[in-house]
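So the structure is just underneath, and the comments pick up after that.
The values are calculated or read from the model by the stated rules, or taken from the named source; none is laboratory data. Being a predicted model, the structure only gives us computed values, none of them experimental. As a convention, Cβ positions derive from the backbone with ideal geometry for all residues, glycine included, and neighbour counts pool all protein chains shown. Just so you know, the surface numbers come from the protein's heavy atoms only, side chains and all, with ligands and any DNA or RNA stripped out. Shrake-Rupley method; radii C 1.70, N 1.55, O 1.52, S 1.80 Å.
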Amino acid sequence: MSETAQLIRLDRARQAAPQVFESLRHQIISLSLIPGTVLSRTALMEQYGLSQTPIRDALLKLAEEKLVDIFPQHATVVSPIDLRLAHQAHFFRKSIELEVVRTLALAQDKRFLAKLRGIVAEQQADFELGDLTAFAEADQAFHRQMSEAAGVPDLWTLVRSRSGHIDRLRQLHLPVPGKIQAILRDHTRILDAIAASDPAEAQQAVRDHLSGTLMQVADIKLRFPEYVRE
């Protein structure tokens, strides 16, 4: 971490540690902090303008999600992308989202579709602007909104807390030509199936959608061997 990093201002009305955690987590998932980056507690204290305690608590929470490796009395390092954890997260997320889209397809009141289609429109605009960061954030919002519409928002929070490794794989896969267009098609296909009250098609669309990145793991490993471990 650069000694000249600018001070990151936090909301003083909120607890500091969760904000530091979210800030660092975002940087890790977006690969602004790549695997192998050493996180100096002293530098983080200066960067966030905080004492040691909230920095320590934030790093411990990142360690719980296995996004950093803490070596006591030595260093804290951004962890490599663990393929075993990525596969487990994929299994977990798919299991939940299959039930989410089934619930939505069978729902009588489908007013939630307007908000979901609006998110897809935002993604299309982000793609046209070449803003991959905004596109990825809207992608997360799309899946979170489906969970909220199905009445299980806490399950999305749980899925997110287990998805750090596969989310980093997706970040590496996102710039590949055709990937963004495929995501937009998949999201539209899911929503069309929900609108048609077709749970089987909605579930198949989710299976196809969530499998894309893991099918490209071999290529990702070839391009970023230093980022990935088995």
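Miscellaneous remarks
- A probe of 1.4 angstrom, applied to the heavy atoms of all protein chains, finds Ser40 with accessible area near 50 square angstrom.
- Note, ³J(HN,Hα) from phi for the stretch 47-55, Karplus 6.51, -1.76, 1.60, rounded to Hz, x at Gly and Pro: 5, 9, x, 10, 7, 5, 4, x, 5
- Cα gyration tensor category, rounded, prolate or oblate, for the stretch 59-186 with a/c compared to 1.5: oblate
- Length released on extending from Leu158 to Ser95, taking residue separation times 0.36 nm less the Cα-Cα span: 21.4 nm
- Between the beta carbons of Ala63 and Arg117, assuming R0 = 45 Å, the FRET efficiency works out to 0.70 to the nearest 0.05.
- In the assembled protein chains, Glu226 presents an accessible area of approximately 120 Å² (probe radius 1.4 Å).
- Extended-chain gain in nm, criterion 0.36 nm per residue less alpha-carbon gap, Arg185 and Asp131: 17.6 nm
- Taking the longest Cα principal axis of the chain as reference, the axis of helix 179-195 is set at about 50 degrees.
- Taking Cα atoms only, the orientation of helix 132-149 departs from the longest principal axis of the chain by about 60 degrees.
- Summarising the label geometry, the points placed 7 Å from Cα in the beta-carbon direction at Arg12 and Ser32 lie 2.3 nm from one another.
- Taken along its three principal axes, the alpha carbon spread of the stretch 1-113 comes to 55, 36, 21 Å, from the longest extent down to the shortest.
- When the Cα atoms of the chain are aligned to their principal axes, the ranges along those axes come out at 57, 44, 33 Å in descending order.
- Averaging the Cα positions of each part gives two centres, and for the stretch 85-107 and the stretch 2-73 these lie 30 Å apart.
- Pairs from Lys66/Lys94; Lys61/Lys179; Lys110/Lys179; Lys179/Lys221 whose Cα-Cα separation, in the structure shown, is over 26 Å: Lys61/Lys179; Lys110/Lys179
- Chain lengthening between Ser40 and Arg207 when straightened (0.36 nm per residue, less Cα-Cα): 56.1 nm
- Annotation: peptides 217-223, 69-75, 99-105, ranked by per-residue average of other Cβ atoms within 10 Å with the highest first, follow the order 99-105, 217-223, 69-75.
- Accessible-area composition of the chain, carbon plus sulfur, in percent [1.4 Å probe]: 53
- Adding -39500 (n - 2.57) for every DSSP H run of four residues or longer, then dividing by how many residues the chain holds, sets the calculated 222 nm ellipticity at -21000 deg cm²/dmol.
- Proximity of backbone amide H atoms, modeled 1.01 Å from N, is registered between Val228 and Ile81 at under 5 Å, excluding neighbours fewer than 5 places apart on the same chain.
- The stretch 92-230 - accessible surface per residue (Å², probe 1.4 Å): 49
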